[in-house]
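The next block holds one structure in the form of structure tokens; read it before the comments.
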Amino acid sequence: MALDEMKVLREKLTKEDFSKLKKIENHKVHGFIAKYIDYCAPDKVFVCSDTKEELEFIKKEALAAGEEKKLKLAGQTIPFDSAADQGRDKANTKILVSKMVDFGLDLNACDRVDALEEIHTMLKGMMKGRTLYVRFFSLGPKNSEFTVPCVQLTDSSYVCHSEDLLYRQGYDEFVRRGRSGDFMKFVHAQGELENAVCKNIPLRRIYIDLEDETVFTLNSQYGGNTIGLKKLALRFAIQRSDQEGWLAEHMFLMAVHGPKNRSTYFAGAFPSLCGKTSTSMIKGETIIGDDIAYLRNFEGAVRAANVEKGIFGIIQGVNSVDDPILWKVLHSPGDIIFSNILVTPEGDTFWIGKDAPAPAKGVNFAGEWSPGKKDKKDKEIPSSHPNARVTLELNSLENLDPELDNPEGVPLAGIIYGGRDSDTWPPVEESFDWVHGVITKGASLESETTAATLGQEGVREFNPMANIDFLSIPIGQYINNHLEFGAKLSKPPKIFSVNYFLRGKDGKWLNHKTDKAVWLKWMELRVHNEIDAIKTPTGLIPKYDDLKRLFKDVLGRDYTKDDYINQFSLRTRWYIGKMRRIEEIYRMIKGSPAIISEVLEEQTERLKKAQKELGEVISPEKW
Ligand code: SPV
Ligand code: MN
């Protein structure tokens with residue numbers, strides 16, 4: 001029997017909340033909410049229309065329910081996730097499809113009908129004893145071409161609180177849109193809890209229904225699995241962008257400031273834990289976003305917008321010297337969520353890489369902690385989890401760019417691809433053109449794995465555009481969309497690669513953490529054709545004299561010729577090895593555009609020729 005939606009809503013909602021929903025004229029909204037109230041059977045439902053009082057109420061609920069605890073500084077809180085729930089669960093994140101699609105590589109798809117049945121069986125009565133929060137948000141600036149309206153249903157006040165910091169509240173946008181339009185939908189149920197963390201981790205499910213743009217997250221709390229609007233919505237955005245001719249990317253967005261303080265906008269795609277957030281927040285420049293950007297063609301030029309308005313950033317390694325702006329915010333009162341860090345008995349915060357004395361004891365994701373404590377496998381437990389995060393609003397940062405909410409986004413001048421690569425890519429390199437950049441940089445991105453997802457660390461993985469975890473369309477088609485997007489531009493952005501993780505023969509890092517400030521300035525000048533470059537078989541690299549000057553100007557450091565030669569020598573043997581790996585991957589991917597192999601092959605040939613003529617490791621002074 002069809003569900004009497006209005007009856008469910010009238011019965012379960014207070015009069016006031018019912019009238020909030022009635023103001024939204026889109027019946028699909030009512031139907032979706034009623035359906036999951038009926039399934040999940042929460043004790044209470046709270047419809048949020050984004051008033052200040054409501055948002056404060058949700059924060060209070062997070063404390064009252066024990067989902068978050070207060071820290072010493074006013075406004076700062078900490079939630080913990082289960083020790084087994086500290087990263088994105090790739091194995092249990094599945095894309096639901098009706099017909100088996102050949103994605104080119106295994107993207108963990110499964111049969112939609114079976115999966116929906118499984119999820120709906122699990123959801124039955126799953127919110128008994130809880131409050132279901134009904135939330136409206138907008139991905140991207142509101143009332144703009146970038147806007148994507150979303151509804152989040154969750155029984156977690158922590159998820160609501162996080163999304164309030166990370167996304168633009170969207171109740172008014174839904175009211176404004178009236179009857180029209182599709183929206184993305186997210187259903188999250190924590191399931192049974194024990195000591196305030198999820199108990200049934202083996203039943204963790206993150207199911208992404210592409211056909212109905214609905215995500216179901218069950219039995220998890222970690223933000224990357226539960227904050228629907230983040231990486232889960234990215235799958236739908238990729239699907240929409242594929243149909244509509246734009247790009248949805250795992251990219252930061254920032255302005256690099258050139259001569260006379262001009263703002264030149266860059267987007268950068270890096271896999272998790274590879275320096276994406278720290279690049280976007282670098283001192284001297286201004287940030288728009290650190291994680292997800294939508295790119296659109298506005299009359300032949302690319303304009304980009306941050307989907308979010310906050311950051312859910314890795315906290316490991318954040319220190320007073322390299323991250324002065326963030327440091328100050330983290331040590332001031334304010335609405336900040338620290339997840340899975342170490343809390344001292346006084347309510348102070350500590351994490352791996354914090355340049356402060358390590359506390360003698362505290363509480364972390366694994367319980368009571370003191371230095372040297374071991375886990376069941378006799379492995380030492382770090383003070384904080386390597387994937388511990390901090391959630392805050394961008395507007396608490398003094399280096400926020402003024403264009404964050406521009407409904408038309410910002411003009412994009414450059415795109416940067418970076419990964420964790422110990423042996424091949426130079427610290428910075430420009431591609432010859434859009435096609436060469438898309439193929440040999442973005443589509444060839446590899447990275448050594450990190451703690452941001454569950455699983456082994458330090459293994460080299462193929463990660464095109466740093467977006468592989470979030471793809472919802474065949475890989476070949478996704479790359480082709482980039483090529484087609486560029487072909488329609490009158491002046492495509494320049495495409496660069498960076499690598500902060502190159503090591504020397506002795507295994508030591510060849511770069512300092514702060515060097516990226518110089519690469520950014522170099523790229524900015526390249527975009528404006530104000531600096532020369534050296535042509536190599538793989539792209540364009542900086543000249544020593546330019547870097548020497550920039551290192552002095554930007555960092556006040558002397559940059560030696562030796563450093564330059566070590567960092568920018570072409571490692572032909574390793575580079576050819578990389579080309580072979582990537583060529584092989586694309587040979588296996590059904591539906592890869594033929595141009596990928598052609599461009600890769602040409603580059604391999606150039607490398608082989610150089611190797612033959614100039615040797616295995618070629619100094620930049622040889623070109
Ligand atoms: C990442 O891992 O790339 C993140 C955090 O930005 S998560 O929400 O887990 O995706
Ligand atoms: Mn990310």
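Going by the structure shown, is residue 104 away from ligand 2 (no atom under 16 Å from the Cβ), touching a residue at least 40 places away in the same chain (Cβ under 8 Å), on the phi > 0 side of the Ramachandran plot and surrounded by 20 or more Cβ atoms within 10 Å (Cβ to Cβ)?
Values: away from ligand 2 (no atom under 16 Å from the Cβ): yes; touching a residue at least 40 places away in the same chain (Cβ under 8 Å): yes; on the phi > 0 side of the Ramachandran plot: yes; surrounded by 20 or more Cβ atoms within 10 Å (Cβ to Cβ): yes.
Here the answer is yes, as residue 104 does meet what is asked.
Out of all the residues in the stretch 184-198, which are of a type in the set (A, V, I, L, M, F, W, C), in contact (Cβ under 8 Å) with a residue 12 or more places away in the chain and in a strand (DSSP E or B)?
Those that are of a type in the set (A, V, I, L, M, F, W, C), in contact (Cβ under 8 Å) with a residue 12 or more places away in the chain and in a strand (DSSP E or B): 184, 186, 187, 189, 197, 198.
Looking at 578, 548, which one is in contact (Cβ under 8 Å) with a residue 24 or more places away in the chain, surrounded by 16 or more Cβ atoms within 10 Å (Cβ to Cβ) and in a helix (DSSP H, G or I)? First the steps, then the outcome.
Details: 548 fails: in contact (Cβ under 8 Å) with a residue 24 or more places away in the chain.
Within the list 578, 548, the selection yields 578.
Since residue 245 meets every condition but one in (1) crowded, with 21+ Cβ neighbours inside 10 Å; (2) more than 16 Å from ligand 2 (Cβ to nearest atom); (3) touching a residue at least 40 places away in the same chain (Cβ under 8 Å), which condition does it not meet?
Every listed condition holds for residue 245 apart from (1).
Checking residue 355 against (1) among the charged types (D, E, K, R); (2) within 16 Å of ligand 2 (Cβ to nearest atom); (3) within 26 Å of residue 83 (Cα to Cα), which single condition isn't satisfied?
It is condition (2) that residue 355 fails.
Can you report the number of residues in the stretch 45-59 which are free of Cβ contacts under 8 Å to residues at least 24 places away in the same chain and in contact with a Cys (Cβ under 6 Å, 6 or more places away or on another chain)? If you could, list the steps in order and put the result at the bottom.
Within the stretch 45-59, the first condition is being free of Cβ contacts under 8 Å to residues at least 24 places away in the same chain, and the residues that meet it are 51-54, 56-57.
In the following step, the residues that additionally are in contact with a Cys (Cβ under 6 Å, 6 or more places away or on another chain) were identified as 54.
Residues flagged as free of Cβ contacts under 8 Å to residues at least 24 places away in the same chain and in contact with a Cys (Cβ under 6 Å, 6 or more places away or on another chain) within the stretch 45-59 amount to 1.
Out of (1) farther than 20 Å from residue 132 by Cα; (2) outside any loop (DSSP other than H, G, I, E, B), what's the single condition that is false for residue 181?
Condition not satisfied by residue 181: (2).
If only one of 155, 182, 212, 172 is over 22 Å from residue 364 (Cα atoms) and modelled with pLDDT under 95, which one is it?
Numbers: 155 fails: modelled with pLDDT under 95; 212 fails: modelled with pLDDT under 95; 172 fails: modelled with pLDDT under 95.
Unique residue meeting the criteria: 182.
For residues in the stretch 48-57 being closer than 17 Å to residue 138 by Cβ and not in a loop (DSSP other than H, G, I, E, B), which is farthest from the chain's Cα centre (by Cα)?
So in the stretch 48-57, the residues closer than 17 Å to residue 138 by Cβ come out as 48-51, 54-55.
From what's left, not in a loop (DSSP other than H, G, I, E, B): 54-55.
Numbers: 54: 28, 55: 25 Å.
It comes out as 54.
Matching residues to (1) surrounded by fewer than 24 Cβ atoms within 10 Å (Cβ to Cβ); (2) not charged (D, E, K, R):
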position: 254; (1), (2): no, yes
position: 261; (1), (2): yes, yes
position: 276; (1), (2): yes, no
position: 282; (1), (2): yes, yes
position: 294; (1), (2): no, yes
position: 302; (1), (2): no, yes
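Out of the residues in the stretch 311-352 that are surrounded by fewer than 16 Cβ atoms within 10 Å (Cβ to Cβ) and of a type in the set (Gly, Ala, Ser), state the one that is farthest from residue 282 (Cα to Cα).
The selected residue is 347.
Suppose the filter is more than 19 Å from residue 537 (Cα to Cα) and either without any contact (Cβ under 8 Å) to a residue 24 or more places away in the chain or within 17 Å of the chain's Cα centre (by Cα) (or both); does residue 422 pass it?
Values: more than 19 Å from residue 537 (Cα to Cα): yes; either without any contact (Cβ under 8 Å) to a residue 24 or more places away in the chain or within 17 Å of the chain's Cα centre (by Cα) (or both): no.
Against the criterion (more than 19 Å from residue 537 (Cα to Cα) and either without any contact (Cβ under 8 Å) to a residue 24 or more places away in the chain or within 17 Å of the chain's Cα centre (by Cα) (or both)), residue 422 does not qualify.
Kindly check whether there is at least one residue in the stretch 88-104 that is under 25 Å from the mean Cα position of the chain (by Cα) and under 15 Å from residue 339 (Cα atoms).
Yes - at least one qualifying residue is present in the stretch 88-104.
Quick one: which residue in 488, 535, 513, 508 is of a type in the set (Lys, Arg) and in contact with a strand residue (DSSP E or B) (Cβ under 7 Å, 6 or more places away or on another chain)?
488
Determine whether residue 397 is closer than 30 Å to residue 526 by Cα and surrounded by 15 or more Cβ atoms within 10 Å (Cβ to Cβ).
On the way: closer than 30 Å to residue 526 by Cα: yes; surrounded by 15 or more Cβ atoms within 10 Å (Cβ to Cβ): yes.
Spelling it out, residue 397 is indeed closer than 30 Å to residue 526 by Cα and surrounded by 15 or more Cβ atoms within 10 Å (Cβ to Cβ).
Could you look through the stretch 339-392, keep only residues that are in contact with a helix residue (DSSP H, G or I) (Cβ under 8 Å, 6 or more places away or on another chain) and within 16 Å of ligand 1 (Cβ to nearest atom), and pick out the one that is farthest from residue 67 (Cα to Cα)? First the steps, then the outcome.
First pass over the stretch 339-392, keeping only residues in contact with a helix residue (DSSP H, G or I) (Cβ under 8 Å, 6 or more places away or on another chain): 339, 349, 389-392.
If we keep only those that are within 16 Å of ligand 1 (Cβ to nearest atom) too, we end up with 339, 389-392.
Numbers: 339: 11, 389: 16, 390: 16, 391: 15, 392: 17 Å.
Residue satisfying both the conditions and the ranking: 392.
Just one of the numbered conditions (1) farther than 29 Å from residue 82 by Cα; (2) touching a strand residue (DSSP E or B) at 6+ places or on another chain (Cβ under 7 Å) is not true of residue 439; which one?
Exception for residue 439: condition (2).
Can you tell me which of (1) in contact with a helix residue (DSSP H, G or I) (Cβ under 6 Å, 6 or more places away or on another chain); (2) in contact (Cβ under 8 Å) with a residue 40 or more places away in the chain; (3) within 14 Å of ligand 2 (Cβ to nearest atom) is the one residue 290 doesn't meet?
Just one mismatch for residue 290, condition (2).
Please count how many residues of the stretch 136-174 are among the small types (Gly, Ala, Ser) and within 19 Å of residue 32 (Cβ to Cβ). Talk me through it step by step, then tell me what you get.
First, pick out the residues of the stretch 136-174 that are among the small types (Gly, Ala, Ser): 138, 140, 144, 156-157, 162, 170.
Within this subset, residues satisfying the condition of being within 19 Å of residue 32 (Cβ to Cβ) are 138, 156, 170.
Total meeting the criteria: 3.
Residue 175 versus (1) aliphatic (A, V, I, L, M); (2) out of contact with any helix residue (DSSP H, G or I) (no Cβ under 8 Å at 6 or more places or on another chain); (3) over 18 Å from residue 21 (Cα atoms): which is the lone unmet condition?
Residue 175 satisfies every listed condition except (3).
Does residue 279 satisfy the criteria of being β-branched (Val, Ile, Thr), within 16 Å of ligand 2 (Cβ to nearest atom) and within 29 Å of residue 460 (Cα to Cα)? If you could, list the steps in order and put the result at the bottom.
Working: β-branched (Val, Ile, Thr): yes; within 16 Å of ligand 2 (Cβ to nearest atom): yes; within 29 Å of residue 460 (Cα to Cα): yes.
So residue 279 passes the test.
Would it be correct to say that residue 384 is among the hydroxyl-bearing types (Ser, Thr, Tyr) and surrounded by fewer than 21 Cβ atoms within 10 Å (Cβ to Cβ)? Talk me through it step by step, then tell me what you get.
Numbers: among the hydroxyl-bearing types (Ser, Thr, Tyr): yes; surrounded by fewer than 21 Cβ atoms within 10 Å (Cβ to Cβ): no.
Against the criterion (among the hydroxyl-bearing types (Ser, Thr, Tyr) and surrounded by fewer than 21 Cβ atoms within 10 Å (Cβ to Cβ)), residue 384 does not qualify.
Looking only at the stretch 244-286, how many residues end up being within 12 Å of ligand 1 (Cβ to nearest atom) and touching a helix residue (DSSP H, G or I) at 6+ places or on another chain (Cβ under 6 Å)?
Qualifying residue count for the region: 5.
Identify the residue in the stretch 359-387 that is polar (S, T, N, Q) and touching a residue at least 12 places away in the same chain (Cβ under 8 Å) and, among all such residues, is nearest to ligand 2 (Cβ to nearest atom). Outline the logic, then answer.
To start, the set of residues in the stretch 359-387 that are polar (S, T, N, Q) comprises 364, 370, 383-384, 387.
Next, only the ones that are touching a residue at least 12 places away in the same chain (Cβ under 8 Å) stay: 364, 383-384, 387.
Working: 364: 23, 383: 23, 384: 19, 387: 11 Å.
If we take residues in the stretch 359-387 being polar (S, T, N, Q) and touching a residue at least 12 places away in the same chain (Cβ under 8 Å), then 387 is nearest to ligand 2 (Cβ to nearest atom).
Look through 255, 267, 237, 233 and report the one residue that is under 24 Å from residue 445 (Cβ atoms) and touching a Cys at 6+ places or on another chain (Cβ under 9 Å).
Details: 255 fails: touching a Cys at 6+ places or on another chain (Cβ under 9 Å); 267 fails: touching a Cys at 6+ places or on another chain (Cβ under 9 Å); 237 fails: touching a Cys at 6+ places or on another chain (Cβ under 9 Å).
Only one candidate passes the filter, namely 233.
Go through (1) closer than 17 Å to residue 171 by Cβ; (2) free of Cβ contacts under 8 Å to residues at least 24 places away in the same chain; (3) not hydroxyl-bearing (Ser, Thr, Tyr) one by one and return the number of the condition residue 143 breaks.
That leaves (2) as the condition not met.
The values are calculated or read from the model by the stated rules, or taken from the named source; none is laboratory data. Quantities reported herein were computed from a predicted structural model and do not represent experimental measurements. We place every Cβ from the backbone using ideal geometry, glycine too, and count neighbours over all the protein chains shown.
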